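Take a look at the structure below.
The values are calculated or read from the model by the stated rules, or taken from the named source; none is laboratory data. Keep in mind the model is a prediction, meaning the values are calculated, not measured. Here the Cβ is made from the backbone with ideal geometry for all residues, glycine too, and neighbour counts use every protein chain on show. To get the accessible areas, we keep the full protein, side chains included, count just its heavy atoms, and leave off ligands, DNA and RNA. Shrake-Rupley method; radii C 1.70, N 1.55, O 1.52, S 1.80 Å.
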Amino acid sequence: MSTSSQKIAVVTGASSGIGAVYADRLAKRGYDLVLIARRTERLQSLAAKIARTHGVKVAPMIADLETEAGQASIEQFLSNNSAVSVLVNNAGIARLAPISDGPLQDSLSQIALNITALTRLTHAVLPGLKSRNEGLIINVSSVLAVNSLPISSVYSGSKAFVLAFSRGLQQELANTGVRVQVVLPAATATEVWDRSGVPLAALAPESVMSTEDLVDAALSALDKGENISWPSVADTEVIERFESARLALFATSQTGKVAPRLLPA
Ligand SMILES: NC(=O)c1ccc[n+]([C@@H]2O[C@H](COP(=O)([O-])OP(=O)(O)OC[C@H]3O[C@@H](n4cnc5c(N)ncnc54)[C@H](OP(=O)(O)O)[C@@H]3O)[C@@H](O)[C@H]2O)c1
(Lines give C-alpha, C1' and ligand atoms only; values in the text may rest on other atoms or scores of the structure.)
Protein backbone atom coordinates (compact mmCIF):
# COMPACT_ATOMS: atom_id res chain seq x y z
CA MET A 1 0.00 0.00 0.00
CA SER A 2 1.10 3.55 -0.65
CA THR A 3 2.41 5.56 2.25
CA SER A 4 2.01 8.98 0.66
CA SER A 5 0.32 11.34 3.12
CA GLN A 6 -1.33 13.08 0.13
CA LYS A 7 -3.66 10.13 -0.25
CA ILE A 8 -6.92 9.89 1.61
CA ALA A 9 -8.49 6.82 3.14
CA VAL A 10 -12.21 7.12 3.83
CA VAL A 11 -13.59 4.92 6.60
CA THR A 12 -17.33 4.60 7.14
CA GLY A 13 -18.53 3.71 10.62
CA ALA A 14 -15.32 5.00 12.16
CA SER A 15 -16.72 6.26 15.48
CA SER A 16 -16.34 2.89 17.23
CA GLY A 17 -15.37 -0.74 16.94
CA ILE A 18 -13.72 -2.13 13.81
CA GLY A 19 -13.89 1.16 11.88
CA ALA A 20 -12.07 3.09 14.61
CA VAL A 21 -9.20 0.60 14.46
CA TYR A 22 -9.09 0.74 10.64
CA ALA A 23 -8.81 4.52 10.97
CA ASP A 24 -5.88 4.23 13.38
CA ARG A 25 -4.05 1.61 11.29
CA LEU A 26 -4.52 3.45 7.97
CA ALA A 27 -3.24 6.66 9.57
CA LYS A 28 -0.25 4.67 10.82
CA ARG A 29 0.33 3.64 7.18
CA GLY A 30 0.52 7.33 6.24
CA TYR A 31 -2.95 8.08 4.89
CA ASP A 32 -4.85 11.25 5.62
CA LEU A 33 -8.33 10.26 6.74
CA VAL A 34 -11.95 11.11 6.26
CA LEU A 35 -13.97 9.45 9.00
CA ILE A 36 -17.72 9.01 8.67
CA ALA A 37 -20.40 8.25 11.29
CA ARG A 38 -23.31 9.91 13.09
CA ARG A 39 -21.94 10.49 16.62
CA THR A 40 -20.22 13.87 16.32
CA GLU A 41 -18.36 13.98 19.64
CA ARG A 42 -16.94 10.50 19.37
CA LEU A 43 -15.85 11.01 15.80
CA GLN A 44 -14.26 14.38 16.56
CA SER A 45 -12.34 13.12 19.57
CA LEU A 46 -11.13 10.03 17.66
CA ALA A 47 -10.09 12.25 14.74
CA ALA A 48 -8.10 14.55 17.04
CA LYS A 49 -6.41 11.60 18.76
CA ILE A 50 -5.40 9.92 15.49
CA ALA A 51 -4.13 13.20 14.01
CA ARG A 52 -2.01 13.76 17.16
CA THR A 53 -0.68 10.22 17.26
CA HIS A 54 0.19 9.76 13.60
CA GLY A 55 0.72 13.32 12.32
CA VAL A 56 -1.80 12.99 9.47
CA LYS A 57 -4.82 15.10 8.55
CA VAL A 58 -8.09 13.67 9.81
CA ALA A 59 -11.48 15.11 8.85
CA PRO A 60 -14.66 13.89 10.52
CA MET A 61 -17.77 13.93 8.30
CA ILE A 62 -21.09 13.48 10.05
CA ALA A 63 -23.60 11.57 7.94
CA ASP A 64 -26.45 9.16 8.52
CA LEU A 65 -25.75 6.57 5.84
CA GLU A 66 -29.17 4.98 6.24
CA THR A 67 -30.70 8.07 4.66
CA GLU A 68 -30.85 9.36 1.10
CA ALA A 69 -29.36 12.71 2.19
CA GLY A 70 -26.49 11.09 4.11
CA GLN A 71 -25.64 8.71 1.27
CA ALA A 72 -25.81 11.49 -1.31
CA SER A 73 -23.50 13.79 0.69
CA ILE A 74 -20.77 11.15 0.95
CA GLU A 75 -21.26 10.10 -2.68
CA GLN A 76 -20.67 13.67 -3.70
CA PHE A 77 -17.51 13.90 -1.62
CA LEU A 78 -16.16 10.64 -3.07
CA SER A 79 -16.88 11.47 -6.68
CA ASN A 80 -15.34 14.94 -6.43
CA ASN A 81 -12.15 14.16 -4.53
CA SER A 82 -9.28 12.79 -6.57
CA ALA A 83 -7.10 12.30 -3.47
CA VAL A 84 -9.31 9.45 -2.24
CA SER A 85 -7.45 6.21 -2.81
CA VAL A 86 -8.92 3.94 -0.14
CA LEU A 87 -12.56 3.36 0.83
CA VAL A 88 -13.35 1.13 3.78
CA ASN A 89 -17.05 0.24 3.59
CA ASN A 90 -17.32 -0.71 7.25
CA ALA A 91 -20.47 0.98 8.61
CA GLY A 92 -23.02 -1.66 9.40
CA ILE A 93 -25.74 -2.62 11.82
CA ALA A 94 -27.22 -5.90 12.97
CA ARG A 95 -30.76 -6.29 14.20
CA LEU A 96 -30.90 -9.88 15.36
CA ALA A 97 -34.47 -11.15 15.76
CA PRO A 98 -36.89 -13.45 13.96
CA ILE A 99 -38.54 -11.68 11.03
CA SER A 100 -41.99 -12.45 12.43
CA ASP A 101 -41.18 -10.68 15.73
CA GLY A 102 -39.13 -7.73 14.49
CA PRO A 103 -40.30 -4.41 13.07
CA LEU A 104 -40.05 -3.98 9.28
CA GLN A 105 -38.00 -0.83 9.87
CA ASP A 106 -35.19 -2.92 11.43
CA SER A 107 -34.94 -4.95 8.24
CA LEU A 108 -35.06 -1.86 6.04
CA SER A 109 -32.39 -0.12 8.12
CA GLN A 110 -30.01 -3.04 7.73
CA ILE A 111 -30.62 -3.11 3.97
CA ALA A 112 -30.18 0.67 3.68
CA LEU A 113 -26.87 0.77 5.55
CA ASN A 114 -25.29 -2.64 4.91
CA ILE A 115 -26.30 -2.87 1.23
CA THR A 116 -27.50 0.41 -0.28
CA ALA A 117 -24.94 2.75 1.28
CA LEU A 118 -22.08 0.36 0.51
CA THR A 119 -23.22 0.04 -3.11
CA ARG A 120 -23.75 3.76 -3.60
CA LEU A 121 -20.38 4.72 -2.12
CA THR A 122 -18.65 2.11 -4.28
CA HIS A 123 -20.36 3.49 -7.40
CA ALA A 124 -19.25 6.98 -6.39
CA VAL A 125 -15.59 6.18 -5.73
CA LEU A 126 -14.92 3.68 -8.51
CA PRO A 127 -14.73 5.91 -11.63
CA GLY A 128 -12.00 8.04 -10.01
CA LEU A 129 -10.04 5.02 -8.80
CA LYS A 130 -10.29 3.41 -12.26
CA SER A 131 -9.23 6.54 -14.08
CA ARG A 132 -6.18 6.83 -11.80
CA ASN A 133 -5.71 3.06 -12.11
CA GLU A 134 -4.98 2.69 -8.42
CA GLY A 135 -6.82 2.33 -5.17
CA LEU A 136 -8.37 -0.02 -2.70
CA ILE A 137 -11.87 -0.80 -1.51
CA ILE A 138 -12.24 -2.86 1.66
CA ASN A 139 -15.75 -4.22 2.21
CA VAL A 140 -16.58 -5.52 5.68
CA SER A 141 -18.86 -8.53 5.40
CA SER A 142 -19.27 -11.23 8.09
CA VAL A 143 -18.97 -14.98 8.49
CA LEU A 144 -22.78 -14.84 8.60
CA ALA A 145 -22.54 -14.21 4.83
CA VAL A 146 -22.31 -17.98 4.48
CA ASN A 147 -24.68 -18.98 7.28
CA SER A 148 -28.14 -17.85 8.29
CA LEU A 149 -29.56 -18.18 11.79
CA PRO A 150 -33.25 -17.94 12.73
CA ILE A 151 -32.49 -14.40 14.00
CA SER A 152 -30.22 -13.29 11.15
CA SER A 153 -32.20 -13.57 7.91
CA VAL A 154 -31.71 -9.96 6.88
CA TYR A 155 -28.29 -9.45 8.46
CA SER A 156 -26.95 -12.64 6.85
CA GLY A 157 -28.58 -11.69 3.56
CA SER A 158 -27.00 -8.25 3.68
CA LYS A 159 -23.55 -9.67 4.38
CA ALA A 160 -23.99 -12.33 1.65
CA PHE A 161 -24.66 -9.40 -0.68
CA VAL A 162 -21.39 -7.77 0.40
CA LEU A 163 -19.50 -11.00 -0.32
CA ALA A 164 -21.14 -11.62 -3.72
CA PHE A 165 -20.83 -7.94 -4.70
CA SER A 166 -17.13 -7.97 -3.78
CA ARG A 167 -16.45 -11.19 -5.72
CA GLY A 168 -17.99 -9.64 -8.83
CA LEU A 169 -16.07 -6.39 -8.41
CA GLN A 170 -12.83 -8.29 -7.96
CA GLN A 171 -13.36 -9.90 -11.36
CA GLU A 172 -14.51 -6.67 -12.97
CA LEU A 173 -11.34 -4.92 -11.77
CA ALA A 174 -8.94 -7.83 -12.27
CA ASN A 175 -6.92 -6.12 -14.99
CA THR A 176 -6.73 -2.74 -13.27
CA GLY A 177 -4.68 -1.28 -10.45
CA VAL A 178 -7.79 -1.09 -8.26
CA ARG A 179 -8.08 -3.76 -5.61
CA VAL A 180 -11.09 -4.99 -3.65
CA GLN A 181 -10.75 -6.93 -0.43
CA VAL A 182 -13.72 -8.41 1.39
CA VAL A 183 -13.28 -9.21 5.08
CA LEU A 184 -15.43 -11.76 6.91
CA PRO A 185 -15.09 -11.28 10.66
CA ALA A 186 -16.55 -13.74 13.15
CA ALA A 187 -17.72 -12.40 16.53
CA THR A 188 -15.69 -9.31 17.44
CA ALA A 189 -15.95 -7.30 20.66
CA THR A 190 -17.82 -4.17 19.59
CA GLU A 191 -20.96 -2.19 20.34
CA VAL A 192 -22.74 -3.86 17.41
CA TRP A 193 -23.79 -6.68 19.73
CA ASP A 194 -25.48 -4.71 22.50
CA ARG A 195 -27.34 -2.71 19.85
CA SER A 196 -28.30 -5.88 17.93
CA GLY A 197 -30.52 -7.45 20.57
CA VAL A 198 -27.91 -10.10 21.47
CA PRO A 199 -25.67 -8.72 24.25
CA LEU A 200 -21.93 -9.27 23.86
CA ALA A 201 -22.00 -10.79 27.37
CA ALA A 202 -24.17 -13.64 26.02
CA LEU A 203 -21.34 -14.87 23.76
CA ALA A 204 -18.69 -17.31 24.96
CA PRO A 205 -15.71 -15.01 25.66
CA GLU A 206 -13.31 -17.42 23.90
CA SER A 207 -15.35 -17.06 20.68
CA VAL A 208 -14.89 -13.29 20.52
CA MET A 209 -11.93 -11.54 18.86
CA SER A 210 -10.66 -8.08 19.78
CA THR A 211 -11.08 -5.29 17.22
CA GLU A 212 -7.31 -4.73 17.14
CA ASP A 213 -6.59 -8.41 16.36
CA LEU A 214 -9.33 -8.46 13.71
CA VAL A 215 -8.16 -5.37 11.83
CA ASP A 216 -4.45 -6.20 12.12
CA ALA A 217 -5.17 -9.69 10.75
CA ALA A 218 -7.29 -8.33 7.89
CA LEU A 219 -4.56 -5.84 6.95
CA SER A 220 -1.95 -8.57 7.18
CA ALA A 221 -4.16 -10.62 4.83
CA LEU A 222 -4.29 -7.60 2.53
CA ASP A 223 -0.50 -7.37 2.51
CA LYS A 224 -0.28 -11.10 1.77
CA GLY A 225 -2.65 -10.73 -1.21
CA GLU A 226 -5.75 -12.34 0.36
CA ASN A 227 -8.67 -10.65 -1.35
CA ILE A 228 -11.25 -12.70 0.55
CA SER A 229 -10.14 -12.64 4.14
CA TRP A 230 -11.39 -14.93 6.91
CA PRO A 231 -9.32 -13.55 9.81
CA SER A 232 -10.41 -16.17 12.37
CA VAL A 233 -10.07 -19.25 10.12
CA ALA A 234 -6.81 -21.13 10.79
CA ASP A 235 -7.32 -24.02 8.37
CA THR A 236 -6.94 -22.58 4.87
CA GLU A 237 -7.86 -25.97 3.37
CA VAL A 238 -11.45 -25.42 4.56
CA ILE A 239 -11.50 -22.13 2.66
CA GLU A 240 -10.10 -23.82 -0.45
CA ARG A 241 -12.63 -26.68 -0.24
CA PHE A 242 -15.46 -24.16 0.16
CA GLU A 243 -14.29 -22.21 -2.90
CA SER A 244 -13.89 -25.36 -5.02
CA ALA A 245 -17.29 -26.71 -3.96
CA ARG A 246 -18.90 -23.36 -4.74
CA LEU A 247 -17.36 -23.23 -8.23
CA ALA A 248 -18.13 -26.93 -8.86
CA LEU A 249 -21.77 -26.43 -7.85
CA PHE A 250 -22.07 -23.46 -10.21
CA ALA A 251 -20.38 -25.35 -13.08
CA THR A 252 -22.54 -28.42 -12.60
CA SER A 253 -25.71 -26.29 -12.75
CA GLN A 254 -24.97 -25.26 -16.38
CA THR A 255 -26.65 -28.27 -18.02
CA GLY A 256 -29.82 -26.87 -19.55
CA LYS A 257 -31.51 -30.07 -18.36
CA VAL A 258 -33.78 -30.90 -15.44
CA ALA A 259 -31.97 -32.99 -12.85
CA PRO A 260 -33.11 -36.63 -13.24
CA ARG A 261 -34.47 -36.80 -9.67
CA LEU A 262 -36.96 -34.05 -10.59
CA LEU A 263 -38.27 -35.63 -13.78
CA PRO A 264 -41.88 -36.87 -13.67
CA ALA A 265 -42.02 -40.49 -12.49
N1 LIG B 1 -18.62 -7.05 15.77
C2 LIG B 1 -18.81 -8.21 15.14
O3 LIG B 1 -18.94 -9.28 15.75
C4 LIG B 1 -18.88 -8.22 13.64
C5 LIG B 1 -18.79 -9.46 12.98
C6 LIG B 1 -18.87 -9.48 11.59
C7 LIG B 1 -19.02 -8.29 10.90
N8 LIG B 1 -19.12 -7.11 11.57
C9 LIG B 1 -19.30 -5.88 10.79
O10 LIG B 1 -18.31 -4.95 11.14
C11 LIG B 1 -18.74 -3.63 10.78
C12 LIG B 1 -18.43 -2.66 11.91
O13 LIG B 1 -19.24 -2.96 13.03
P14 LIG B 1 -18.66 -3.04 14.50
O15 LIG B 1 -18.76 -4.46 14.93
O16 LIG B 1 -17.36 -2.34 14.60
O17 LIG B 1 -19.82 -2.27 15.30
P18 LIG B 1 -19.94 -0.81 15.90
O19 LIG B 1 -18.89 -0.56 16.93
O20 LIG B 1 -21.36 -0.68 16.30
O21 LIG B 1 -19.62 0.11 14.66
C22 LIG B 1 -20.55 0.42 13.68
C23 LIG B 1 -20.16 1.76 13.09
O24 LIG B 1 -21.12 2.08 12.07
C25 LIG B 1 -21.61 3.38 12.33
N26 LIG B 1 -22.99 3.51 11.91
C27 LIG B 1 -24.06 2.81 12.36
N28 LIG B 1 -25.18 3.26 11.77
C29 LIG B 1 -24.79 4.25 10.93
C30 LIG B 1 -25.49 5.12 10.07
N31 LIG B 1 -26.82 5.06 9.94
N32 LIG B 1 -24.78 6.05 9.36
C33 LIG B 1 -23.45 6.13 9.49
N34 LIG B 1 -22.73 5.33 10.29
C35 LIG B 1 -23.40 4.41 11.01
C36 LIG B 1 -21.48 3.58 13.83
O37 LIG B 1 -21.36 4.95 14.16
P38 LIG B 1 -22.54 5.94 14.65
O39 LIG B 1 -23.43 5.13 15.54
O40 LIG B 1 -21.77 7.01 15.33
O41 LIG B 1 -23.19 6.40 13.41
C42 LIG B 1 -20.18 2.88 14.11
O43 LIG B 1 -19.10 3.75 13.85
C44 LIG B 1 -20.23 -3.77 10.46
O45 LIG B 1 -20.41 -3.78 9.05
C46 LIG B 1 -20.59 -5.13 11.04
O47 LIG B 1 -21.69 -5.71 10.37
C48 LIG B 1 -19.05 -7.05 12.92
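Between Leu263 and Ala51, how many nm apart are label points set 7 Å from Cα along the C-beta direction?
Taking the two extended label points, one gets 7.2 nm.
Taking H as built 1.01 Å from N, whose amide H comes closer than 5 Å to the amide H of Arg179, not counting residues under 5 places away?
Residues meeting the criterion, in which the H sits 1.01 Å from N, are Gly135, Leu136, Ile137.
With the other protein chains left in place, how much accessible area per residue, in square angstrom, belongs to the chain at a 1.4 angstrom probe?
Dividing the accessible area of the chain by its residue count gives 50 Å².
Report the accessible area of Thr176, computed with a 1.4 Å probe over the heavy atoms of all protein chains in place, in Å² rounded to the nearest 10.
40 Å²
Quick check on region 8-254: what does the Kirkwood estimate of hydrodynamic radius come out to from the alpha carbon pairs, in Å?
Numbers: mean 1/r = 0.0541 Å⁻¹.
Taking the inverse mean of 1/r over all distinct Cα pairs, region 8-254 comes out at 18.5 Å.
Report the gain in length on full extension from Ala164 to Ala251: 0.36 nm times residue separation, minus Cα-Cα distance, nm rounded to one decimal. Could you put the intermediate results ahead of the total?
Values: separation 87, 0.36 × 87 = 31.32 nm, distance 1.66 nm.
Computed gain between Ala164 and Ala251 is 29.7 nm.
On the protein heavy atoms, probe 1.4 angstrom, tell me the percent of accessible surface of region 8-254 carried by carbon and sulfur.
56 percent
Which value at 222 nm does the chain reach when only helices count, each DSSP H run of 4 or more adding -39,500 (n - 2.57), with the total divided by all residues and rounded to the nearest 500 deg cm²/dmol?
-14000 deg cm²/dmol
Using r as the Cβ-Cβ distance of Ala202 and Gln171, and R0 as 51 Å, what FRET efficiency do you calculate, to the nearest 0.05?
It comes out at approximately 0.85.
Quick check: residue separation of Ala83 and Thr236 times 0.36 nm, minus the Cα distance between them. What number comes out in nm?
51.5 nm
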